[in-house]
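Notes for the one structure printed next.
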Amino acid sequence: MSDDVQVGRLVQSVRLARNLRQEDLATRAGVSRQSVSRLERGLVDGMTVGSLRAISRAMGMPSIASLGWRTPEVDRLRDRAHAAMVEQVASTLSPLGWAAAPEHSFNHYGERGSVDILAWHPSLSALLIVETKTRIWDLQDLLSTLDRKRRLLPNLAAAELGWRSLLVGVVLVLPELSTHRHVVARHGATFRAALPDRQATVHDWLRRPSGDLRGIWFLPISHHDDIGQRSRRLRASKRRPGPLRPAKTSSGKPNPDSRAGAARDDGPLGP
């Protein structure tokens, strides 16, 4: 990956952490939105040093041109967002009967790594491998890493922890943001092949595992300031006129199935 592309992605991370749209940043910097977009895509050829400095000042950062700010600032942002997601996933799994081991490391004949959450459902002998991502940088690398963990961790968990699984679930957790929905849609064929199960199926499996699972969980963000952007669910909730009411049948009586059906897809998990 070129330095220009890396700089562009880091600029985007900082912008999102500031809860700014490209239009907002452009207005503050006195440049066009297209200039911000080009920078974030790593297309810096033709951009002036003055424009780069203006964008830096608008984000409250030292000059992008110096690159001296890159590692500490962005690492802090990513670590904070990632930790918030892992904590939220672990706290969601616990009431459902899962014993969660966050940041579980492994080493199998030189194949080393760590999994964000390794969870165990003792009553159903189910193992859950969770990978959380604030953003997807390299899709093929991500899917390869998930496949390796799916291959290694069931046997390692049995040998090291006594967790002898009959069922195995692999879940990629992403923040519930339109950005991530667009990425999954844009690479639909790849995701359907590698992680075919979607939100409702993942929710059902976490409540009562049955068979193996390979899915995506879009996590509603309770600490959206840590992610840097409001989740689509939280934005949408402010536009809702009120709670859902059961639809009525032709006889005028409430339909008992209508509310359950409406709430099933992306509702928060619970016991």
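The values are calculated or read from the model by the stated rules, or taken from the named source; none is laboratory data. Owing to the predicted nature of the structure, the values given are computational and were not obtained by experimental measurement. Virtual Cβ from ideal backbone geometry, glycine too; neighbours counted across all protein chains shown.
Does A193 satisfy being without any contact (Cβ under 8 Å) to a residue 40 or more places away in the chain and more than 20 Å from H82 (Cα to Cα)?
Values: without any contact (Cβ under 8 Å) to a residue 40 or more places away in the chain: yes; more than 20 Å from H82 (Cα to Cα): yes.
In short, yes.
Specify which of the listed residues (S144, S123) is more than 19 Å from L172 (Cβ to Cβ), among the small types (G, A, S) and out of contact with any helix residue (DSSP H, G or I) (no Cβ under 8 Å at 6 or more places or on another chain).
Values: S144 fails: more than 19 Å from L172 (Cβ to Cβ).
Unique residue meeting the criteria: S123.
Run A54 past the list (1) closer than 28 Å to R33 by Cβ; (2) modelled with pLDDT under 85; (3) in a helix (DSSP H, G or I) and report the number of the one that doesn't hold.
(2)
In the stretch 78-100, what residues are surrounded by fewer than 16 Cβ atoms within 10 Å (Cβ to Cβ) and in a strand (DSSP E or B)?
A99
Given the conditions (1) part of a loop (DSSP other than H, G, I, E, B); (2) within 19 Å of the chain's Cα centre (by Cα), and given that L146 satisfies all but one, which numbered condition is not satisfied?
All conditions are met except number (1).
Restricting the first residue to the stretch 99-120 and requiring it to be farther than 11 Å from L156 by Cα, which pairs with a second residue that is among the hydroxyl-bearing types (S, T, Y) and surrounded by 14 or more Cβ atoms within 10 Å (Cβ to Cβ) meet a Cβ separation below 7 Å and a spacing of at least six or different chains?
D116/T132
Taking the stretch 104-125 as the region of interest, how many residues are touching a Ser or Thr at 6+ places or on another chain (Cβ under 6 Å) and closer than 11 Å to W163 by Cα? Step through it out loud before you land on a result.
Within the stretch 104-125, the subset touching a Ser or Thr at 6+ places or on another chain (Cβ under 6 Å) is 105, 114, 116, 125.
Next, only the ones that are closer than 11 Å to W163 by Cα stay: 125.
Of the residues in the stretch 104-125, 1 are touching a Ser or Thr at 6+ places or on another chain (Cβ under 6 Å) and closer than 11 Å to W163 by Cα.
Can you tell me how many residues within the stretch 11-40 are under 16 Å from A54 (Cα atoms) and outside any loop (DSSP other than H, G, I, E, B)?
Number satisfying all stated conditions: 20.
Do you know which of the residues in the stretch 8-51 that are at pLDDT 85 or above and among the basic types (K, R) is surrounded by the most Cβ atoms within 10 Å (Cβ to Cβ)?
Filtering the stretch 8-51 for residues that are at pLDDT 85 or above and among the basic types (K, R), the one surrounded by the most Cβ atoms within 10 Å (Cβ to Cβ) comes out as R15.
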